[in-house]
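Coordinate-derived values only; no laboratory data. Bear in mind that the values here come from a model prediction, so they are computed numbers and not experimental data. Heads up, the Cβs are rebuilt from the backbone with ideal geometry, glycines too, and the neighbour counts pull from every protein chain shown.
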Amino acid sequence: IKNFINNPLEVLGIQHDKFLHFLFSFLISLLLGLELNGSFLALVLTIIIGIGKETYDVTIKNLTKFDINDLALDSLGGFFGYSIALLISLI
């Protein structure tokens, strides 16, 4: 229980980096979706930002590969954020 309180992500087997990809994409898509009144463009822009981040990691930070798992979590977070923004815009 002490480990779960100190680091719940690690106990659940979720890498901190992966959680951040999901969280930031969720927030970006949610905020863009609210600003753009539920426009699908919010999700598209969020995914473009995720691709840009992975491209930056490979080219500037000289990481060895484009991490498709990070991009998948960017897309998933973006989808959930956009979905909530769309529901709010319909109310």
What helix-only [θ] at 222 nm does the chain give? Using -39500 (n - 2.57) per DSSP H run of at least 4, over all residues, to the nearest 500, the answer is -25000 deg cm²/dmol
Heads up, region 17-70 by the C-alpha gyration tensor (a ≥ b ≥ c square roots of eigenvalues; a/c under 1.5 rounded, else a/b over b/c prolate, else oblate) looks prolate
So, relative contact order of region 42-91 in percent, Cα under 8 Å, 6 or more apart, is 44
With a Förster distance of 22 angstrom and the Cβ-Cβ distance between I48 and L90, calculated FRET efficiency to the nearest 0.05 equals 0.35
Among (1) 12.3, 35; (2) 11.3, 31; (3) 15.0, 45, the value of Rg and Dmax of the Cα atoms in Å computed for this structure carries the label (3)
Percent relative contact order for the chain, counting Cα pairs under 8 Å at least six residues apart, stands at 41
Ranked output for segments 53-65, 13-25 by mean other Cβ atoms within 10 Å, highest leading, reads 13-25, 53-65
